[in-house]
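FYI, it's all coordinate maths here, none of it is from the lab. Fair warning: this is a prediction, and the values are worked out from it, not measured in the lab. Cβ: placed from backbone, ideal geometry, glycine included. Neighbour counts: every protein chain shown.
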Amino acid sequence: MNTVRVFVPRDAAALSVSADAVARAIRDEAARRGAEIEITRTGSRGMLWLEPLVEVETAQGRIAYGPVAFRDVASLFDAGFLMGGAHALSQGAVTDIDWMRRQTRVTFARVGAIDPLSLDDYRAHGGLKGLERALAASGADIVEDVRASGLRGRGGAGFPTGVKWKTVLDAQAAQKYVVCNADEGDSGTFADRMLMEGDPFLLIEGMAIAGLAVGATKGFVYIRSEYPHAFRTMRAAIDIARKAGVLGASVLGSGRAFDMEARLGAGAYICGEETSLLESLEGKRGVVRAKPPLPALEGLFGKPTIVNNVLSLAAVPSILADGPQAYADYGLGRSRGTLPFQLGGNVKRGGLVELAFGATLRDLIEDFGGGTRSGRPIRAVQVGGPLGAYLPASQFDTPLDYEAFAAIGAMLGHGGIAVFDDSVDMARQARFAFEFCAKESCGKCTPCRIGAVRGVETIDRIVAGVEREKNFGVLDDLNQLMTDGSLCAMGGLTPMPVMSALRHFPEDFRRAPQRAAAE
Amino acid sequence: MASTAVWDEGKAREIIVRLAKLDGAMLPILHALQDEFGFVHAGATALIADALNVSRAEAHGVISFYHDFRPKPAGRRVVKLCRAEACQANGCEELVAELRRHRGLDADNQDDERLTIETVYCLGNCALGPSALVDGELVGRLDAERLADLCDGGPVQVAQTAAGDTR
């Protein structure tokens with residue numbers, strides 16, 4: 001029998017449900033039975049409810065089995081899974097699974113398929129084509145391609161990436177930087193983490209292209225410390241890329257320099273805000289800077305700096321490789337391309353769903369998600385992380401694009417979607433939004449630092465039934481003030497989840513008061 | 001995970017000197033000190049201030065700004081429990097309440113030499129929550145029993161998947 005290739009994810013989500021133990025069990029069982037296998041550890045395909053999802057290479061393609069528990073391994077061998085044999089856990093060929101087929105995998109095309117730390121695998125699957133094209137083009141041409149693709153910043157604000165790059169390109173300076181913001185710790189988002197663990201060379205390639213485009217020779221990827229696996233993988237990938245000449249004094253032998261470092265955050269949510277991230281990289285407290293000056297002109301160490309999100313930079317290689325039009329053909333209106341949505345919370349089939357803009361929220365949470373994991377009705381869905389709005393069922397038909405969400409007082413943000421069933425207490429969620437802001441505020445501006453604390457107190461009074469109408473007035477006032485007067489999105493958007501909870505779920509704030517001491 | 005190494009000024013100085021040449025060396029130094037000793041000793045402030053040519057106030061300001069840097073060693077078991085929205089939707093606050101009710105553990109203030117519980121906001125495991133980072137390893141689909149066992153020092157790596165069992 002020939003050596004059979006078996007794939008077991010090493011993505012942190014898969015590890016969190018014992019993928020390592022499954023990989024060991026498969027290795028041991030194969031040894032016991034004298035079967036020759038080679039286990040490749042991959043990223044995750046993003047079908048997280050099926051993790052650990054084991055794949056076997058057969059003549060019919062890669063056949064998937066999941067979720068595989070340690071104790072299932074012997075029966076998988078009995079069923080001949082090394083030849084794609086039938087088993088209760090068989091999901092068929094992985095690319096034929098409906099959940100995968102209905103997606104448009106551009107950024108996440110390789111994630112789960114390849115060995116994340118094999119540069120050969122990366123090249124064999126189309127990697128480095130974008131960088132090669134970039135090396136043959138002028139900086140202005142690269143920037144124009146990015147502009148023409150319609151790519152907008154995937155971190156939340158949706159700012160056109162090409163416009164940002166043009167500003168840095170046109171700035172005159174001896175040193176410029178590319179900074180990747182991998183510290184956008186929005187709850188309900190894990191696309192950055194999955195990408196860095198599953199296809200780190202893609203981010204490296206995107207950053208190198210950004211550097212070539214604007215004349216920056218140094219890059220930093222600032223990774224949140226809550227993602228230790230992603231940090232280790234990125235650091236290892238950067239070393240490999242440097243040894244292979246993808247990074248360094250002569251990128252792919254071109255004579256042009258670009259190198260980068262991975263830096264670890266330290267548990268401050270605010271460092272996902274670009275200016276406080278720059279402060280943190282410089283070795284200071286992560287306190288927000290006033291804008292202007294824009295980071296594009298005076299960024300890291302006062303030099304012109306591209307600050308982009310992981311997914312924005314990861315979208316760039318395919319724009320260069322396949323041309324901007326191919327990317328712009330996805331999507332609708334002013335939202336072009338694809339967005340990797342992240343379906344989490346109380347959902348039956350959670351995971352990563354990369355779609356062209358324009359599908360509806362309902363498509364995602366019902367068709368892909370299959371409703372709640374608890375089996376109870378969905379009551380609210382928070383879109384766009386802790387600063388995103390809570391939406392009721394009546395808004396589930398909203399198309400997933402930046403403008404349509406802005407029109408209903410919500411935002412797509414980073415594409416994180418947290419599903420809640422009908423047991424959720426929306427007054428508690430609104431309170432949490434303020435509590436989180438109070439804990440994580442950098443403290444520089446008063447509306448955020450003080451407003452968040454006042455917000456917690458005011459909601460407590462409302463819930464306790466103390467002068468409710470008067471306190472609703474205070475809350476409205478506070479929300480308005482924080483929205484208008486905060487220095488950055490932390491204070492400025494905290495009212496979004498609060499106001500949406502008030503607007504759509506007012507009954508939760510008007511319940512008969514309970515004694516505060518009762519748990 | 002948490003190192004049991006005792007504070008050693010010479011060693012700290014070595015680490016600081018080795019890393020001080022990096023651009024923006026402050027955070028890399030602090031992480032390296034914490035990796036080595038399990039915490040950032042108060043004595044590090046002056047050493048860092050000297051090496052990076054900043055005031056002691058500035059160095060202290062940075063150390064105290066970031067949640068990650070601990071002024072004292074953590075417990076032998078460190079549980080970083082995610083309490084952000086997606087894990088809330090899967091009942092992480094009920095797990096916290098259970099810990100208090102049945103184990104008398106206060107997740108907000110548990111920090112002794114046996115066990116440290118820290119709150120984190122999102123480990124990026126939002127589809128398999130509730131989640132915790134236990135001694136650096138990610139654990140998903142936590143339930144009250146498993147969390148209590150982990151708090152008691154139980155094994156992080158188990159043979160059977162929690163996911164397979166609870167579906």
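If you check B:Ala59 against the conditions, is it within 8 Å of chain A (Cβ to nearest Cβ) and of a type in the set (A, V, I, L, M, F, W, C)? Considered against the rule, which asks whether it is within 8 Å of chain A (Cβ to nearest Cβ) and of a type in the set (A, V, I, L, M, F, W, C), B:Ala59 comes out as no.
A Cβ distance below 6 Å, combined with a sequence gap of six or more or placement on separate chains, defines the contacts here; from the stretch B:77-97, residues that are more than 9 Å from chain A (Cβ to nearest Cβ) reach residues that are in a helix (DSSP H, G or I) and of a type in the set (Gly, Ala, Ser) in the pairs B:Leu95/B:Ala144.
Need at least 3 residues that are under 16 Å from the mean Cα position of the chain (by Cα) per element, so show me which helices (runs of 4 or more DSSP H) inside the stretch B:26-115 make the cut, counting only ones lying wholly within it. Give the steps one after another, and end with the answer.
On the way: elements: B:26-37, B:44-52, B:56-65, B:85-89, B:92-103.
Result: B:26-37, B:56-65.
Among the candidates B:Val139, B:Val120, the residue that is β-branched (Val, Ile, Thr), in contact with a Cys (Cβ under 6 Å, 6 or more places away or on another chain) and within 9 Å of chain A (Cβ to nearest Cβ) is uniquely B:Val120. Would you check which residues across the stretch A:341-372 are part of a strand (DSSP E or B) and within 13 Å of chain B (Cβ to nearest Cβ) and list them? Residues satisfying the conditions are A:Phe341, A:Gln342, A:Leu343, A:Gly344, A:Gly345, A:Gly351, A:Leu352, A:Val353.
For the stretch A:48-62, a residue qualifies if it is within 14 Å of another protein chain (Cβ to nearest Cβ) and either farther than 15 Å from B:Ala127 by Cα or over 21 Å from the mean Cα position of the chain (by Cα) (or both), and exactly one does: A:Val54.
Being more than 14 Å from chain B (Cβ to nearest Cβ), outside any helix (DSSP H, G or I) and touching a Lys or Arg at 6+ places or on another chain (Cβ under 7 Å), is that true of even one residue in the stretch A:259-272?
No, the stretch A:259-272 contains no residue that is more than 14 Å from chain B (Cβ to nearest Cβ), outside any helix (DSSP H, G or I) and touching a Lys or Arg at 6+ places or on another chain (Cβ under 7 Å).
Among the candidates A:Phe432, A:Phe472, the residue that is out of contact with any Lys or Arg (no Cβ under 8 Å at 6 or more places or on another chain), within 14 Å of another protein chain (Cβ to nearest Cβ) and part of a helix (DSSP H, G or I) is uniquely A:Phe432.
When A:Thr95, A:Thr58 are screened for being of a type in the set (Val, Ile, Thr) and farther than 26 Å from A:Thr233 by Cβ, only A:Thr58 passes.
To keep it simple, each residue is scored yes or no on (1) of a type in the set (A, V, I, L, M); (2) in contact (Cβ under 8 Å) with a residue 40 or more places away in the chain; (3) under 26 Å from A:Leu502 (Cβ atoms).
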position	(1), (2), (3)
A:Phe357	no, yes, no
A:Ile365	yes, yes, yes
A:Arg379	no, yes, yes
A:Gly384	no, yes, yes
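Surrounded by fewer than 24 Cβ atoms within 10 Å (Cβ to Cβ) and away from chain B (no Cβ under 14 Å), is that true of A:Leu247? Criteria not met by A:Leu247.
For the stretch A:319-340, the set of residues classified as surrounded by 24 or more Cβ atoms within 10 Å (Cβ to Cβ) and in a helix (DSSP H, G or I) consists of A:Ile319, A:Leu320, A:Tyr327, listed by residue number.
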